[in-house]
Each structure stands twice: as C-alpha cells, then as structure tokens.
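Only the coordinates and a few stated rules stand behind these numbers; no lab work does. Note that the structure is predicted; figures quoted are calculated from it, not measured. Using ideal geometry, Cβ is built from the backbone for each residue, glycine included, and neighbour counts are taken over all protein chains shown.
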Amino acid sequence: MKRLVQAPNAAIATLWADLLRQAGIDVSVQRYYTGSIAGEIPPDQALPEVWVLDNDDHARATELLHQLRHLPHLHWLCAACGEAVDGPFEQCWNCGAMRP
C-alpha cells in the first residue's frame with residue numbers, strides 16, 4: 001500500500017478514488033474525517049489521502065491522476081447553435097448538443 005496524493009478535501013479525494021477505481025486500480029481514501037481536528041493537529045496532516053493498495057499500480061495511478069487533474073482545454077463552436085464553448089466540455093452549455 002502506497003500513498004498516491006493528498007487531496008484538498010474529502011469530496012475531491014473521493015472523486016479521484018472513484019475515477020481510479022473505474023480504471024481498475026484499487027485505492028483507498030485515508031484520513032477521511034481528520035478535517036474535523038485540523039486545529040488540534042497541523043492542517044497539512046488533516047488532509048485526506050488517496051492510497052494505492054497494490055504497489056505495482058502506483059506508477060499507472062500517478063499517470064492517470066495527472067491526466068485527470070490536467071484535462072486539455074478545448075475551444076470549439078457548437079454546430080447546432082454556433083455558441084463558443086471553452087474548456088474540457090463534451091456538450092454545449094447553451095443547447096446541449098454534443099461536441100462534434
């Protein structure tokens with residue numbers, strides 16, 4: 001079992017863990033509830049962590065998490081309504097049409 005990353009909060013840690021599990025990597029979220037004692041211990045020790053259960057998956061998990069945290073920012077025009085869409089969105093925010 002090897003630590004992968006500290007997350008800024010429990011929601012992000014859970015999201016990252018779920019996305020890694022979908023990719024077939026067994027992970028665990030540790031220190032899930034330590035945010036409640038952040039004043040009693042140093043704040044950086046109260047952050048939740050994502051741990052990889054199989055050490056052999058650590059490098060793959062690191063790469064996948066890097067890709068998840070650094071999605072490409074695309075700029076495209078919606079073919080249905082002509083709206084300019086920025087960011088990693090697959091669907092037009094204006095009319096709901098999918099990216100071509």
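Output ³J(HN,Hα) for the range 89-100: one whole-Hz value per residue in order, computed from phi by the Karplus curve 6.51 cos²θ - 1.76 cosθ + 1.60 with θ = phi - 60°, and x for Gly and Pro.
Working through the residues one at a time gives 8, 9, 9, 5, 6, 7, 10, x, 5, 6, 5, x Hz.
Kindly write out, for the range 14-22 in residue order, the coupling ³J(HN,Hα) from the Karplus curve 6.51 cos²θ - 1.76 cosθ + 1.60 (θ = phi - 60°), rounded to whole Hz, with x marking Gly and Pro.
Those phi angles translate into 5, 4, 4, 4, 5, 5, 5, 5, 4 Hz.
Whole-Hz Karplus ³J(HN,Hα) for the range 75-84, in order, using 6.51 cos²θ - 1.76 cosθ + 1.60 and θ = phi - 60°, x for Gly and Pro?
10, 9, 9, 5, 6, 7, 10, x, 6, 7
Report the GluC sites (Glu not before Pro) located in the chain that are in a DSSP loop and have at most 12 other Cβ atoms inside 10 Å of their Cβ, or state none. All intermediate terms of the calculation are to be shown ahead of the outcome.
On the way: sites: E40, E49, E63, E83, E90; in loops: E40, E83, E90.
Passing both the DSSP loop test and the Cβ count: E40, E90.
Given N residues in the range 26-100, what is Rg(Cα) / (2.2 N^0.38 Å)?
In units of the 2.2 N^0.38 Å rule of thumb, it is 1.71.
Quote the charge dipole size of the range 2-69 about the Cα centre in Debye, to the nearest 20; the model charges only the Cβ of Lys and Arg (+1) and of Asp and Glu (-1).
Values: 6 positive and 9 negative charges, 21 e Å.
Magnitude of the dipole: close to 100 debye.
Counting only residues 5 or more places away or on other chains, whose amide H sits under 5 Å from the amide H of L4 once H atoms are built in the peptide plane?
V50, W51, V52
How high is the FRET efficiency from H70 to M1, r the C-beta distance, R0 30 Å, rounded to 0.05? Please report the intermediate quantities before stating the final value.
Numbers: r = 26 Å, r/R0 = 0.85.
Given R0 = 30 Å and the Cβ-Cβ separation, E is 0.70.
What ranking of S36, S28 emerges when the number of other C-beta atoms within 10 Å of each C-beta is taken as an exposure proxy, fewest first?
Going from sparsest to densest Cβ surroundings: S36, S28.
Using a simple spin-label model with points 7 Å from Cα along the Cα→Cβ vector, what separation in nm is obtained for N9 and F89?
2.2
Per q in 0.14, 0.20, 0.25, 0.28 1/Å, what log10 I(q)/I(0) does a Debye calculation on the alpha-carbon atoms of the range 2-69 return?
-0.39, -0.72, -1.01, -1.19
What are the residues whose amide H is under 5 Å from the amide H of E83, where those residues sit 5 or more places off or on another chain and H is modelled from the backbone?
Long-range HN contacts for E83: C78.
Order by neighbour count: L4, L68, fewest other Cβ atoms within 10 Å first, most last.
On the way: L4 22, L68 13.
Ascending number of Cβ neighbours within 10 Å: L68, L4.
Taking amide hydrogens as modeled 1.01 Å from N in the peptide plane, which residues meet the under 5 Å criterion relative to D26, leaving out close sequence neighbours?
L53, D54
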